[in-house]
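One structure below.
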Amino acid sequence: MILKTKRLQKHFGGIYALNNCDLNIRKNEITAIIGPNGSGKSTLFNVISKILKKDKGKIIFNGMDIDNKKDYELASKGISRTFQEVRLFKNLTIMDHIDIAISKDDESILRSLTKKVNRTERIKEILDVVGLNKPIDTFASDLSYGQRKLLDLAMAIAKPGDLLMLDEPVAGVNPKLRKKIKDIIRSLHKKGKTILIIEHDMNFVMDLAGHVIVMNAGKVIAQGRPKDIQNNPDVLNIYLGD
Ligand SMILES: Nc1ncnc2c1ncn2[C@@H]1O[C@H](COP(=O)(O)OP(=O)(O)O)[C@@H](O)[C@H]1O
Ligand SMILES: [Mg+2]
């Protein structure tokens, strides 16, 4: 297991966004987390990546309790993520954004960068992986919604992490770009990344994920292979009620 959570809890006032959430994420697999709006999926990512402080429970990454690690330390420990609501600096360029992401890297990567690999070349390589074909001096404010999603993804993979957590990478994205993003996820997986993807739309993950975890009201209510999940009556129930 690359990541485990045990009885993870997070509340906002009277709302339990995470209510004893137990997860076991296998290394080198694409795992999808699905569930209706408000079921706690993004809160789970925010707590794991230390954007939010948990109330209770444990988070174990690569066998290590990450309780005392800060978010930037986590980046160097091998967890990187994208955001459901992409947040970019509109007055900074594509290159600036990836530079910021890379500078959170661990030392070994920094050393190899300054040693031989030209920074601009590295940035172009990363943009190639996500297929963002815009000049690197383009300002974030001049990118379309879909291009912003791609830049967010580029920033996440700029770091050397093993675990890539994607929060609704295709939400609001057109069908052509959805397919492209699916292909990118598949190729990152082939290169050895463990992928944890949140998606609201069950259909998107059916031919992508090896394992599907269903959340409702802050906890895991079902999990298994995509085709088993698809026919699970509890799952159908919460989706029909959504
Ligand atoms: N920062 C926050 N402040 C207050 N309530 C929040 C905050 N983030 C999430 N919530 C609440 O927690 C619950 C779970 O939200 P979220 O994790 O965003 O669900 P999902 O990503 O599955 O749609 C919702 O009821 C939401 O309104
Ligand atoms: Mg969410």
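Each reported figure results from applying straightforward, stated rules to the coordinates on display, with no laboratory input. No experiment lies behind these values; they were computed from the predicted model shown. Cβ atoms come from the backbone with ideal geometry, glycine included; neighbour counts cover every protein chain shown.
As a rough guide to protection, the peptides 43-55, 199-211 ranked by mean Cβ packing within 10 Å, highest first, stand as 43-55, 199-211. Beta bridges per DSSP, both residues in the chain: antiparallel share near 55 percent. Dividing the mean sequence gap of close Cα pairs (under 8 Å, 6+ apart) by how many residues region 186-242 holds gives a relative contact order of 22 percent. Please tell me the relative contact order of region 3-240 in percent, rounded to the nearest whole number, where contacts are Cα pairs under 8 Å and at least six residues apart. After rounding, I find 30 percent.
What the pair-distance distribution of region 133-242 shows, using all Cα-Cα distances binned every 10 Å from zero, is 12, 40, 33, 12, 3, 0 percent. Across all directions, the average flat footprint of the convex hull enclosing the Cα atoms of region 1-69 is 4.7 nm². Take the Cβ atoms of Asn203 and Tyr145, set R0 to 22 Å, and the FRET efficiency comes out at 0.55. Over all pairs of different C-alpha atoms, region 3-240 has a mean inverse distance whose reciprocal, the Kirkwood radius, equals 18.4 Å. Long hydrophobic helices in the chain: the complete DSSP H runs spanning 18 Å or more by Cα along their own axis with mean Kyte-Doolittle hydropathy of at least 0.0 are 145-157. Note on region 143-195: Rg/Rh from Cα positions, Kirkwood definition for Rh, rounded to two decimals, is 0.95.
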